[in-house]
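S.K.: Just dropping this structure here.
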Amino acid sequence: MTYLVAAVGGLGFFALSMLLLGVWPGEALEEQIHQTSPAHPLPLSASEQRGRAIYAREGCAYCHTQQIRYLARDVSRFGKATLAWETIFDYPHLWGTRRIGPDLSREAGVRSPDWQYSHLFAPQTLVRDSVMPAYPWLFHGAPDQPAQDARDVLAYLETLGRDRYLAGPEGEAAAKKACNCSEDERKFAFGPGPLNASPAIPLRKGKFPLLPVSNDEARGRQLYSRNCAGCHGAEGAGDGAGAAGLHPKPANFTEQEYAQERLSQALWNGVAGTAMPGWRDIPPADLAAMARTVRNFHQNGPEPALPEGVLELGAKVYAAHCAQCHGEKGAGDGSAADQFPVPPTNFQTQRPSLAASLRAVKNGIEGTPMAPWSGRLSEAEVYAAAYFVRGFYKGGIRKGDGQ
Ligand code: HEC
Ligand code: HEC
Ligand code: HEC
């Protein structure tokens, strides 16, 4: 009798715990997913699925999580907390348990493709102190020659967070209403912050703080060499180890003059459509120190003499061919400016050297909508236009200021 009672009791207890710990939460979760998910979340394409398999095979999940927890620190770093339905196609799941690198559940749209490829090919060329391993076997020998495997990984990365974007405000509202969650959870999952809080996303039109003029040369140098030299080069010539795979190439600071406004904007917002990320997680005083370093790379050469009649011709060419992008007054705000992925240069806050300007007008800038003009304009017209745009510059702080 004792054995029987023990056996029935034991089995009963086992069954009860199965129900309470396995079946019931599973049911509740299913129900929650069903109620909060949009009607047709987008499943992964073949390439995206292959990318997911490579992500699993290469062990990316050992270092990267894919879930934003219900914690203020997570939400402020990565964006709104992950809802159960967001990983509905993620089976077996790749949530990960350890963060050696950042959470990737909202990686879609954070970085440009050339950044992602260069980073996957050799992370330390872009992020000096990164401990992420390199994955050169996913490429044909160069960061801008991704093999199908690397393309698949990128395709997969671009799905992370996608369904929640696509669900849109209606989807958010419906999920918020249906969510069976506490006030606290509601705040983390649906609060007022951005869906994606990455400080690196380039913002095309974002407001930015005007950085103070720093005189901390040493700090600027140190931060520059850690954060920027990989792309822009140790001496600012745009020739860092990470530059090889980027299109457009990182700016060459030795041949540009910048107004403080332009540096503040580029550092805070990044440059849309390029590998230049935003640096909104770095304190403004440190950004200001780096802005100083950037400015001081400029090499003041003698200004070329202005040949007769060049400005008149330049103005004519500019009005006919350039103003629709660069704006009538050179402010980068022409009528067509918004149609292109990379914003046209604002010449009021930035002045290229004559050589750089000529090169850009003749050959265009690879990886941007700035096309070569040498076939379409005469040599004299190219020269005149390249000269003319430099006249828009409104100055700003020059080398040596603020010391
Ligand atoms: C040994 C740990 C480790 C492994 C394995 C690893 N990473 Fe990383 N990853 C990191 C670290 C650390 C960073 C942050 C520094 C940096 O950006 O390189 C990072 C950054 C990233 C970023 C940039 C995120 C952002 O927007 O800032 C992406 C994307 C990424 N990793 C993808 C991958 C992929 C894909 C794999 C697998 C093929 C992988 N990682 C494997 C450690 C790792
Ligand atoms: C991943 C590579 C990369 C890193 C890292 C990087 N940049 Fe850039 N940067 C670029 C690219 C690419 C551009 C865009 C060039 C263009 O618009 O043609 C750019 C543009 C800029 C511009 C605007 C210049 C212009 O002429 O329009 C500034 C200023 C700048 N970077 C400063 C910095 C500073 C300071 C750092 C370090 C905090 C940094 N960058 C880190 C790649 C990088
Ligand atoms: C289709 C729009 C478009 C047209 C038309 C256009 N540009 Fe550009 N221009 C751009 C873009 C985009 C950039 C690249 C900005 C960047 O690299 O960040 C650029 C860059 C430049 C630069 C390089 C600035 C630098 O930072 O070194 C010069 C010089 C320039 N343009 C001059 C001209 C002139 C002169 C014309 C007319 C003959 C012209 N552009 C026509 C879009 C245009």
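S.K.: Can you name the residue in the range 77-118 that is among the aliphatic types (A, V, I, L, M) and assigned to a loop (DSSP other than H, G, I, E, B) and, of all such residues, is nearest to ligand 2 (Cβ to nearest atom)? Don't jump to the end; show me each part of the working.
M.R.: Residues of the range 77-118 that are among the aliphatic types (A, V, I, L, M), as a first pass: 81, 83-84, 88, 94, 100, 104, 108, 110.
If we keep only those that are assigned to a loop (DSSP other than H, G, I, E, B) too, we end up with 81, 83, 88, 94, 100, 104, 108, 110.
Values: Ala81: 29, Leu83: 31, Ile88: 33, Leu94: 26, Ile100: 20, Leu104: 18, Ala108: 18, Val110: 12 Å.
It comes out as Val110.
S.K.: Still on this structure, I have one more. Between residues in the range 117-130 that are aliphatic (A, V, I, L, M) and residues that are surrounded by fewer than 20 Cβ atoms within 10 Å (Cβ to Cβ) and part of a loop (DSSP other than H, G, I, E, B), which pairs lie under 8 Å by C-beta distance while being six or more apart or on different chains?
M.R.: These pairs meet every condition: Leu120/Ala134; Leu120/Tyr135; Ala122/Ala134.
S.K.: Continuing with this model, one more query. Tell me yes or no: at least one residue of the range 270-281 is surrounded by fewer than 17 Cβ atoms within 10 Å (Cβ to Cβ) and more than 16 Å from ligand 1 (Cβ to nearest atom).
M.R.: No, that holds for no residue.
S.K.: For the range 244-268, which positions are within 16 Å of the chain's Cα centre (by Cα) and either within 16 Å of ligand 1 (Cβ to nearest atom) or of a type in the set (Gly, Ala, Ser) (or both)? Even if it seems obvious, please write down each step before you answer.
M.R.: Here is the first cut: in the range 244-268, the ones within 16 Å of the chain's Cα centre (by Cα) are 245-250, 265-268.
Those that are within 16 Å of the chain's Cα centre (by Cα) and either within 16 Å of ligand 1 (Cβ to nearest atom) or of a type in the set (Gly, Ala, Ser) (or both): Gly245, Leu246, Ala266.
S.K.: Six or more apart or on different chains, Cβ atoms under 6 Å: show the pairs whose first residue is in the range 275-293 and acidic (Asp, Glu) and whose second is modelled with pLDDT of 95 or more and surrounded by fewer than 20 Cβ atoms within 10 Å (Cβ to Cβ).
M.R.: Asp281/Pro199; Asp286/Leu223
S.K.: Right, another one. Against the definition (among the hydrophobic types (A, V, I, L, M, F, W, C) and within 19 Å of Ser353 (Cα to Cα)), how does Val271 come out, yes or no?
M.R.: No; evaluated as a whole, the condition is false for this residue.
Residues checked against (1) in contact (Cβ under 8 Å) with a residue 24 or more places away in the chain; (2) closer than 18 Å to Leu71 by Cα; (3) surrounded by 20 or more Cβ atoms within 10 Å (Cβ to Cβ):
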{"site": "Ala167", "(1), (2), (3)": "yes, no, yes"}
{"site": "Ala178", "(1), (2), (3)": "yes, no, no"}
{"site": "Arg186", "(1), (2), (3)": "no, yes, no"}
{"site": "Pro194", "(1), (2), (3)": "yes, yes, no"}
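S.K.: Quick one: is Ala355 surrounded by fewer than 16 Cβ atoms within 10 Å (Cβ to Cβ) and part of a helix (DSSP H, G or I)?
M.R.: yes
S.K.: Taking His40 as meeting all but one of (1) more than 30 Å from Phe139 (Cα to Cα); (2) in contact (Cβ under 8 Å) with a residue 12 or more places away in the chain; (3) in a loop (DSSP other than H, G, I, E, B), write down the number of the exception.
M.R.: His40 satisfies every listed condition except (2).
S.K.: Confirm whether Glu312 is of a type in the set (Asp, Glu) and not in a helix (DSSP H, G or I).
M.R.: Against the criterion (of a type in the set (Asp, Glu) and not in a helix (DSSP H, G or I)), Glu312 does not qualify.
Rundown of residues vs (1) aliphatic (A, V, I, L, M); (2) surrounded by fewer than 18 Cβ atoms within 10 Å (Cβ to Cβ); (3) modelled with pLDDT of 95 or more; (4) in contact with a helix residue (DSSP H, G or I) (Cβ under 9 Å, 6 or more places away or on another chain), yes/no style:
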{"position": "Pro302", "(1), (2), (3), (4)": "no, yes, no, no"}
{"position": "Ala336", "(1), (2), (3), (4)": "yes, yes, yes, yes"}
{"position": "Gln350", "(1), (2), (3), (4)": "no, no, yes, yes"}
{"position": "Pro372", "(1), (2), (3), (4)": "no, yes, yes, yes"}
{"position": "Glu381", "(1), (2), (3), (4)": "no, no, yes, yes"}
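S.K.: With (1) touching a Cys at 6+ places or on another chain (Cβ under 9 Å); (2) crowded, with 22+ Cβ neighbours inside 10 Å; (3) in contact (Cβ under 8 Å) with a residue 60 or more places away in the chain; (4) not charged (D, E, K, R) as the list, and Ala241 as the residue in question, which single condition is left unmet?
M.R.: The one condition Ala241 does not meet is (2).
S.K.: Within the range 87-103, is there a residue that is surrounded by fewer than 21 Cβ atoms within 10 Å (Cβ to Cβ), more than 10 Å from ligand 1 (Cβ to nearest atom) and more than 18 Å from Val153 (Cα to Cα)?
M.R.: yes
S.K.: Tell me the helices (runs of 4 or more DSSP H) entirely within the range 141-227 that contain at least 1 residues that are more than 29 Å from Gln116 (Cβ to Cβ).
M.R.: In the range 141-227, the matching helices (runs of 4 or more DSSP H) lie at 162-178, 183-190, 217-227.
S.K.: Being assigned to a loop (DSSP other than H, G, I, E, B) and loosely packed, with under 12 Cβ neighbours inside 10 Å, is that true of even one residue in the range 8-26? Spell out how you get there, then give the answer.
M.R.: First, the residues of the range 8-26 that are assigned to a loop (DSSP other than H, G, I, E, B): none.
Checked the range 8-26: no residue is assigned to a loop (DSSP other than H, G, I, E, B) and loosely packed, with under 12 Cβ neighbours inside 10 Å.
S.K.: Right, here's the next one. Could you say which residue among Gln49, Gln66 is within 16 Å of Pro102 (Cα to Cα) and modelled with pLDDT of 95 or more? If you could, list the steps in order and put the result at the bottom.
M.R.: Numbers: Gln49 fails: within 16 Å of Pro102 (Cα to Cα).
Only one candidate passes the filter, namely Gln66.
S.K.: Within the range 298-311, identify whether any single residue is within 30 Å of Leu246 (Cα to Cα), among the β-branched types (Val, Ile, Thr) and more than 29 Å from the chain's Cα centre (by Cα), and answer yes or no.
M.R.: The answer is no; no qualifying residue exists.
S.K.: Out of everything in the range 76-86 that is touching a helix residue (DSSP H, G or I) at 6+ places or on another chain (Cβ under 9 Å) and of a type in the set (D, E, K, R), what residue ends up being surrounded by the most Cβ atoms within 10 Å (Cβ to Cβ)?
M.R.: If we take residues in the range 76-86 being touching a helix residue (DSSP H, G or I) at 6+ places or on another chain (Cβ under 9 Å) and of a type in the set (D, E, K, R), then Glu86 is surrounded by the most Cβ atoms within 10 Å (Cβ to Cβ).
The values are calculated or read from the model by the stated rules, or taken from the named source; none is laboratory data. Predicted model only: the values in this text are computed from it and were never measured. Virtual Cβ from ideal backbone geometry, glycine too; neighbours counted across all protein chains shown.
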